[in-house]
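K.L.:
Input: one structure, supplied below.
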Amino acid sequence: QVQLVESGGGLVQAGGSLRLSCLASKSIFGLNGMFWYRQAPGKQREWVAGISSSDTTSYTDSVKGRFAISRDYVKNTMYLQMDSLKPEDTAVYYCKTYDQSDPYWGQGTQVTVSS
């Protein structure tokens, strides 16, 4: 099992930046990729970005060029650097991973972008 704890959310003006963190309770070396999702009010949860076990990154089109996913193996932490934020990025952001093929989610962190 692995526990995930997100942090770093908050209120920011449009055009601003935030860095989200996702701290894992165990080494992230053995995890099968790590991901960021978000859920806006009244909408379904959507995939935002992912980083594979070989550190290949991928992004949904709406955040390409603005968001960057990374991870620190020493700190067992995944990050999402979010720049040029827009009001439509407002959502609860969740991290997700798989351990032994079982999915695990964090509790989420709120990001609010004001216009």
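The values are calculated or read from the model by the stated rules, or taken from the named source; none is laboratory data. This structure is a prediction, so every number in the text was calculated from the model and none was measured. Cβ placement follows ideal geometry from the backbone for every residue including glycine, while neighbour counts extend to all protein chains displayed. SASA here: full protein model, heavy atoms, side chains in, ligands and nucleic acids out. Shrake-Rupley method; radii C 1.70, N 1.55, O 1.52, S 1.80 Å.
K.L.:
Using a 1.4 Å probe on the protein heavy atoms, what percent of the accessible area of the chain belongs to carbon and sulfur? Can you show the working numbers first?
P.N.:
Working: 2890 of 5960 Å².
Carbon and sulfur atoms account for 48 percent of the accessible area of the chain.
K.L.:
So what is the diffusion coefficient of the chain in µm² per second by Stokes-Einstein at 25 °C and 0.890 mPa s, using a Kirkwood Rh over Cα pairs? Spell out each step's value before the answer.
P.N.:
On the way: Rh = 14.0 Å.
Approximately 175 µm²/s, per Stokes-Einstein.
K.L.:
With a probe of 1.4 Å, find how much accessible area the chain has per residue, and write the answer as a whole number in Å².
P.N.:
On the way: 5960 Å² over 115 residues.
Per residue, the chain has 52 Å² of solvent-accessible surface.
K.L.:
Same structure again: State the number of lysine pairs found in the chain whose Cα atoms come within less than 17 Å, restricting to pairs 8 or more positions apart or on distinct chains.
P.N.:
Values: Lys26/Lys75; Lys26/Lys96; Lys43/Lys86; Lys64/Lys86; Lys75/Lys96.
Taking the Cα cut-off of 17 Å, the pair count is 5.
K.L.:
Another question about this same structure. Give, rounded to the nearest 20 debye, the magnitude of the charge dipole that region 37-115 has about its Cα centre when Lys and Arg contribute +1 at Cβ and Asp and Glu contribute -1 at Cβ. Before the final figure, lay out each step's value.
P.N.:
Working: 9 positive and 9 negative charges, 30 e Å.
In total the dipole reaches around 140 debye.
K.L.:
Further, regarding this structure: Please state the relative contact order of the chain as a whole percent: Cα pairs under 8 Å, 6+ residues apart? All intermediate terms of the calculation are to be shown ahead of the outcome.
P.N.:
Values: 283 pairs, mean separation 43.1, N = 115.
Result for the chain is 37 percent.
K.L.:
Could I ask something else about it? May I ask for the distance between the Cα centers of region 33-54 and region 72-115, given as a whole number of Å?
P.N.:
7 Å
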